[in-house]
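Have a look at the structure below, then the notes.
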Amino acid sequence: MRTFDLTPLYRTAIGFDRLAQMLNSAETQPSYPPYNIELVSEDQYRIVMALAGFDRSEIDITSERDTLFVIGRKQKDGLERTYLHRGIAARDFEQRFQLANHVKVTGASFNNGMLTIDLVREVPEAHKPRKIAIDGVASADVPALEEQRTEEQRAA
């Protein structure tokens, strides 16, 4: 097991204490079922999971706070089978995805054994970057103020 020293991160970053927990749990993340995470656009993502042998009714998707759960429970058909080779796992699974702040699930579809989950980052207006006025003067007003001062100096 690897250990990471995150002390330098804590010196300049506030609120990233969950990062250590996420790094520790990343080593124990299950690899079944296989999946891709795509960046569709700047604020849109897509998770695509290969769920061969599963039916739509056997899959449950839940979004709770900052975690997305995808759970598959395979229905037992009661038939006794003898496999010469078993390459399709079709076993129960539970996959968790940590979602960043303001990332929401917008939809899901299941076609040809592929589960597609669409996500979008919707940052509220209050959390978007904004200019901070120094001494009550916005930076866009600075040239206008300089012109006003110049005219006042000419008049004096």
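The values are calculated or read from the model by the stated rules, or taken from the named source; none is laboratory data. Everything numeric in this text was worked out from a predicted model, so none of it was measured. No Cβ is skipped: glycine too gets one built from the backbone with ideal geometry, and neighbour counts run over all protein chains shown.
Annotations for the structure displayed:
- Enumeration of residues in the range 50-88 that are acidic (D, E), surrounded by 11 or more Cβ atoms within 10 Å (Cβ to Cβ) and within 14 Å of V105 (Cβ to Cβ): D60, D66
- Flag for I47 being surrounded by 14 or more Cβ atoms within 10 Å (Cβ to Cβ), farther than 26 Å from A126 by Cα and either within 13 Å of the chain's Cα centre (by Cα) or among the polar types (S, T, N, Q) (or both): yes
- Some residue of the range 56-73 being under 23 Å from T116 (Cα atoms), of a type in the set (F, W, Y) and modelled with pLDDT of 85 or more: yes
Listed here are the residues, each with its yes/no results for (1) within 20 Å of the chain's Cα centre (by Cα); (2) farther than 16 Å from P34 by Cβ; (3) modelled with pLDDT of 90 or more.
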{"position": "D77", "(1), (2), (3)": "no, yes, no"}
{"position": "T106", "(1), (2), (3)": "yes, yes, yes"}
{"position": "E122", "(1), (2), (3)": "yes, yes, no"}
{"position": "A133", "(1), (2), (3)": "no, yes, no"}
{"position": "V137", "(1), (2), (3)": "no, yes, no"}
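Residues are listed down the side, and each one gets a yes or a no for (1) in contact with a Leu (Cβ under 9 Å, 6 or more places away or on another chain); (2) closer than 24 Å to K128 by Cα:
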site	(1), (2)
I47	yes, no
D55	no, no
I61	yes, no
T67	yes, yes
R91	no, no
Q98	yes, yes
V105	yes, yes
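- Meets criteria (free of Cβ contacts under 8 Å to residues at least 24 places away in the same chain and either part of a loop (DSSP other than H, G, I, E, B) or touching a Phe, Trp or Tyr at 6+ places or on another chain (Cβ under 9 Å) (or both)) for D118: no
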